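Just so it is clear, none of the values below were taken in a lab; they were calculated from the coordinates. The structure displayed is predicted, hence computed values, not measured ones.
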Amino acid sequence: MNYIIGVGLAVGISAIGRWSRMDRERGFYPMQMMAIDGYYVLFALMGGSHAALVQDAAIAAVYVAAALVGFRRSLRLVAVALAAHGGMDLVHARLVDNAGVPVFWPAFCSAYDLAAAALLLWLERREPVRPLSGVR
């Protein structure tokens, strides 16, 4: 059920983004990427573990960097980061002992991430968004 809800939410948000044309703004998916990974930091705070907070903040920094580079260069990189995050969700418990992560989260978030990545790749293939001009 968690997988179904994750995919459904990703499809719903992407559909609203498509209908409103917000998804054609360069920041739509990179901001999602940054917000998604921020939840693990929140869960570490909720779980009260300083070690988990430091570890999850370090992991989040990698995804934030990928979102920023993808925003500037190619939204396909953001799709790859979303897909990678979906895989990380499934092994997160082996990487970080974060007691604040809800039991349903890995399945839900991995399904969301993978569906959002697939949708972004599909949209980019149909109507590519050009890189920002003049950005180094």
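Using just the helices of the chain, give the 222 nm mean residue ellipticity in deg cm²/dmol: DSSP H runs with n ≥ 4 each add -39,500 (n - 2.57), and the total is spread over all residues, rounded to 500. Write out the running numbers ahead of the final one.
On the way: 5 runs with 105 residues, N = 136.
The helix-only estimate for the chain comes to -27000 deg cm²/dmol at 222 nm.
Available extension along the chain between SER20 and GLU124 is 35.8 nm, counting 0.36 nm per residue and deducting the alpha carbon span.
Dividing the mean sequence gap of close Cα pairs (under 8 Å, 6+ apart) by how many residues the chain holds gives a relative contact order of 36 percent. Relative contact order of region 1-72: 30 percent, from C-alpha pairs under 8 Å at least 6 residues apart in sequence.
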